[in-house]
1. Summing Lys, Arg as +1 and Asp, Glu as -1, what charge do residues with Cβ under 9 Å from the Cβ of GLN354 carry, GLN354 excluded?
2. Taking H as built 1.01 Å from N, whose amide H comes closer than 5 Å to the amide H of SER350, not counting residues under 5 places away?
3. Which whole-Hz ³J(HN,Hα) couplings does the stretch 217-224 yield from phi under the Karplus relation 6.51 cos²θ - 1.76 cosθ + 1.60, θ = phi - 60°, glycine and proline marked x?
4. When the chain is treated as a GNM, springs tying every alpha-carbon pair under 10 Å, which of PRO143, PRO210, PRO307 comes out with the largest mean-square fluctuation?
5. Please report Rg over Rh for the stretch 196-316, where both radii come from the alpha carbon positions and Rh follows the Kirkwood definition.
6. Relative to the first principal axis of the alpha-carbon coordinates of the chain, what is the inclination of helix 322-332, with its axis defined by its Cα atoms, in degrees from 0 to 90 and to the nearest 10?
7. Where does the chain land at 222 nm, in deg cm²/dmol rounded to the nearest 500, when only DSSP H runs of n ≥ 4 count, each adding -39500 (n - 2.57), divided by all residues?
8. How compact is the chain by the rule of thumb for globular proteins, expressed as Cα Rg over 2.2 N^0.38 Å?
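The values are calculated or read from the model by the stated rules, or taken from the named source; none is laboratory data. Given the structure is predicted, the values throughout are model-derived calculations rather than measurements. For neighbour counting, all protein chains shown are included, and Cβ atoms are generated from backbone atoms with ideal geometry for every residue, glycine included. Accessible surface areas use protein heavy atoms only, side chains included; no ligands, DNA or RNA. Shrake-Rupley method; radii C 1.70, N 1.55, O 1.52, S 1.80 Å.
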Amino acid sequence: MLVVMRVGASKTEIKKTVAAIRAMGLKPNVIPGALRVAIGITGNRGAISRERLESLPGVADLVPVTKPYKLVSRETKPEDTLVAVGSPQRRRGRGGFAEDNGGDLRVTATAGNTSAHSLRSPRLCGEPSAVFGGSAFTVIAGPCAIESRKSALAVARAVKAAGASLFRGGAYKPRTSPYSFQGLGQKGLDILRAVREETGLAIVTEAVDPESLERVARAADMIQIGARNMQNYSLLRLAGQLKKPVLLKRGFSATFEEFLMAAEYILSEGNYNVVLCERGVRSFADYTRSTLDISLIPAVRKISHLPVIADPSHAAGRRDMVPALSRAALAAGAHGIIVEVHEDPDRALSDGPQSLDFVGFAELMQSLRGIAGAMGVQL
Ligand code: PEP
Ligand code: MN
């Protein structure tokens with residue numbers, strides 16, 4: 001059930017409605033909208049009695065939500081969510097998970113309007129360094145894994161020069177084989193901090209387990225939850241409690257509903273800063289590593305208010321297909337891509353065959369600009 005408050009409902013009316021929902025033993029989820037606040041009710045097993053709620057001052061309407069993914073659904077929030085990542089505070093080097101509450105940025109405006117605010121701390125200074133959603137096409141680029149400070153900085157400078165807004169790189173790597181390079185761990189996180197200091201790029205890096213999540217959250221502007229962890233519910237819940245923006249990748253064989261339900265875990269803990277990522281699924285196609293499910297992109301845009309991006313690198317598993325899949329994702333309505341780039345892909349410690357070199361990445365960005373221009377998308 002969604003409680004839609006009147007346009008201009010007062011803070012007291014909203015607070016009282018929230019308290020009434022709690023008193024019914026249910027969970028209120030306050031969702032600020034461009035025009036008015038709505039409160040999604042979760043935690044009910046049966047029908048919710050309308051009488052108690054519809055007579056409350058400030059309540060305009062009670063709308064049943066039919067989808068199992070209540071908070072992720074457009075039934076609950078019709079307008080696009082814009083997810084802001086990073087902030088000038090962090091770029092000035094005052095980064096730190098605890099002090100700056102950097103992940104608590106929440107943008108709840110309609111598409112194209114990037115005014116941001118924070119639910120917990122209404123002190124957002126300046127513009128965020130990147131925004132996902134609306135009419136923006138946002139590019140994350142960097143190596144699969146952080147290998148050394150020198151190479152991370154070289155890649156970061158090159159992708160920034162070519163137009164990427166965020167830098168990716170794993171400090172903790174979920175590898176299929178226990179004998180493969182597992183990442184530099186804490187040292188990798190320190191290198192990522194240095195990359196942000198030097199370049200101003202917002203940092204996206206993966207948390208592979210609940211134990212390392214807080215460490216990762218302190219270093220990152222956006223926490224990646226990988227395909228292998230899409231149904232790691234304790235990790236999803238903890239990421240929801242941290243309020244830091246989350247990049248949630250689709251599991252190799254997750255259905256559309258399972259994917260959105262995974263996102264629902266994060267939102268249900270109060271974190272609306274979720275960007276979905278289609279990274280390819282298992283299929284009988286054997287000429288690529290996975291099959292990029294392009295159709296997921298318009299499906300998500302129709303059903304959910306959350307931004308959705310594509311990962312052409314892990315989908316293809318081979319660099320020659322990355323540009324074509326990136327262009328297909330843009331044309332299908334993706335809000336961005338995450339691409340693996342390495343200074344010397346053939347020597348990369350992980351995922352070299354799918355990594356672009358600097359020239360390849362610059363050419364890709366150039367080819368995307370033409371399509372973005374034709375579509376009225378900002379790149
Ligand atoms: C990655 O981004 O390097 C990664 C391991 O991705 P995925 O979880 O999609 O396999
Ligand atoms: Mn990789």
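1. Working: positive: ARG289, ARG318, ARG319; negative: GLU340, ASP351.
Its environment carries a net charge of +1.
2. Distant-sequence amide H within range of SER350: ALA145.
3. 5, 5, 8, 9, 8, 9, 9, 8
4. Maximum among the listed residues: PRO210.
5. My calculation of the ratio gives 0.97.
6. Rounded to the nearest ten degrees, it is 20.
7. Numbers: 12 runs with 124 residues, N = 379.
The per-residue figure over the chain is -9500 deg cm²/dmol.
8. Details: Rg = 20.4 Å, N = 379, 2.2 N^0.38 = 21.0 Å.
That ratio works out to 0.97.
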